[in-house]
Amino acid sequence: MTSDGTHAHDTDRHPGEDAFQRGLILLYQDADYDGAGRAWQEADALGHPGAATHLGLLAFHEHRDVAAAEIAYARGAERGDGNGAFHLGLLCEQRGDIDGAEAAYALGDQLGHGGAAANLGVMLHERDDAVAAEAAFTRADARGHGSGAFNLGLIREARGDHAGAREAYLRAHERGESGADQALARLLTP
């Protein structure tokens, strides 16, 4: 407990955390989308990064409002939410804004998002930057991302590192990544 009577971990919470959590409960326990949206709007008004991203998810999936989703994802990303940056990258990629997608995935990667690192790796690999792609896939793998491990295995296999590829494919298999079994079988076939 600190001198002002609060617990030290209470000061680390984002403003709006209670409203954000209330929104999660309303959505996942009660299937109350409207109530969740109102709770996330309250948290968002207080600057909560995850609330902005969740409002974007709600706008995209429930209301099919791509413009509102993009604005909310960008707000979440600007506030430090890796999931917001990841979803912003997906939207940019869907509309063909490759530079915007790469920038959003790079931000999400910097914020520790495994999916953003994996998608960034794919984009870097498509640009023939194998070194940077491998680094991105390594970060995604370290964060427990199945696709990151699988793609890391592909890169290692392509350069002849079969032991490293096998290890990466095994992690991808453990994470349920499709294709990992076939890749492992390919490595084990003489």
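At a glance:
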read-out: Single condition residue 103 does not satisfy, out of (1) under 22 Å from residue 135 (Cα atoms); (2) touching a residue at least 24 places away in the same chain (Cβ under 8 Å); value: (2)
read-out: Evaluation of residue 63 against (1) closer than 21 Å to residue 148 by Cβ; (2) at pLDDT below 95 (one fails), failing number; value: (1)
read-out: Selection count where residues are without any contact (Cβ under 8 Å) to a residue 12 or more places away in the chain and either on the phi > 0 side of the Ramachandran plot or in contact with a Leu (Cβ under 6 Å, 6 or more places away or on another chain) (or both), scope region 152-190; value: 1
read-out: Spans of helices (runs of 4 or more DSSP H) in region 130-190 with at least 3 residues surrounded by fewer than 12 Cβ atoms within 10 Å (Cβ to Cβ); value: 180-188
read-out: Complete set of residues in region 61-77 that are under 16 Å from the mean Cα position of the chain (by Cα) and either over 12 Å from residue 40 (Cβ atoms) or acidic (Asp, Glu) (or both); value: 69, 70, 73, 74, 77
read-out: Cβ pairs under 9 Å, 6+ apart, first in region 63-86 and at negative phi and of a type in the set (Lys, Arg), second surrounded by 15 or more Cβ atoms within 10 Å (Cβ to Cβ) and in a loop (DSSP other than H, G, I, E, B); value: 75/81; 79/14; 79/48
read-out: Single residue of 124, 188, 88 found to be outside the structural domain of residue 40 (by TED's automatic domain parsing) and at pLDDT 95 or above; value: 124
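The values are calculated or read from the model by the stated rules, or taken from the named source; none is laboratory data. Given the structure is predicted, the values throughout are model-derived calculations rather than measurements. All Cβ positions, glycine included, derive from the backbone under ideal geometry; neighbour counts span all protein chains shown.
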